[in-house]
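The values are calculated or read from the model by the stated rules, or taken from the named source; none is laboratory data. Please read all numbers here as calculations on a predicted model, not as lab measurements. Surface areas here come from the heavy atoms of the whole protein model, side chains and all, with no ligands, DNA or RNA. Shrake-Rupley method; radii C 1.70, N 1.55, O 1.52, S 1.80 Å.
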Amino acid sequence: MKTVKRILAWLRNLFVALFLFSIAAVFVYKYVPVYYTPLMFIRLYEKEATEIHHKWVSLDRISQPVIQAVIASEDNLFTTHHGFDREQIRAAMDEARSGGRVRGASTISQQTAKNVFLWPGKNLFRKALEAYFTLLIEWIWGKERIMEVYLNSIETGRGVYGIEAAAQTCFSKQAWQLDRNEAALIAATLPNPLRRNPAKPSAYMQKRQADILSLMRKIETVEMGYRPGR
């Protein structure tokens, strides 16, 4: 009986320690740039990349079209939801139940939580952790910081992470110089950055780029961080 109590006490202490550590980590990353993510090291281990190309830039050094493009492509309710798009989740579940393809319904907030704190995967335990960290960053960071971290941590090619590295690698530009067409093309790579290259767009990517540009024209201007004239 004493052994069981010791184990339960140890598990309780571990849970409390992990909980406090997670809160502290989210608070730290509210102010400190995220230079490395778990995915970067996973890709090196998997030999999907031989080196890491990544440069952190503040949100006011990223062009407004980039922000509009990723919202149009990945999460058009980003500025209004609280971390989860219930309509998309419901639609994805209905599609899966009817025998359709299984698709994701992750918001930009969920993707950011996964990129910064977790690892790729679809099991229930990881999804539960993703939901937990999503709630934390929505509460502690706010939308501008989530967007800033998202654009600096997304995988945009083999060994390429963040919008600044993508701009330099694909277009020999800085992130603040990207125009609407280039921003939409980068956004078109996000679902599968290991197979899609903005510098050499396929016919499918060009079609996707056109779709994203069309969506960008329909959404309201998102004034988030960027200052013209950089």
Out of residues 5 or more away from Thr156 or on other chains, whose amide H comes under 5 Å of its own, with H placed 1.01 Å from N in the peptide plane? Tyr161, Gly162
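With a 1.4 Å probe and all protein chains in place, put Thr3, Thr50 in order of accessible area, largest first.
The ordering from most to least exposed comes out as Thr50, Thr3.
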Taking region 127-216 and dividing mean pair separation by its residue count, relative contact order in percent (alpha carbons under 8 Å, at least six apart): 21 percent
Choose one answer from Asn123, Asn181, Asn192: the residue with the largest mean-square fluctuation in a GNM of the chain with alpha-carbon springs under 10 Å. Asn123
For the chain, what is the relative contact order in percent, using Cα pairs closer than 8 Å and at least 6 residues apart in sequence? 28 percent
Between region 122-172 and region 1-75, how far is it from one alpha carbon centroid to the other, in angstrom? 9 Å
Given the options Phe125, Phe78, Phe117, which has the most mean-square fluctuation in a GNM of the chain, springs set between C-alpha atoms less than 10 angstrom apart? Phe125
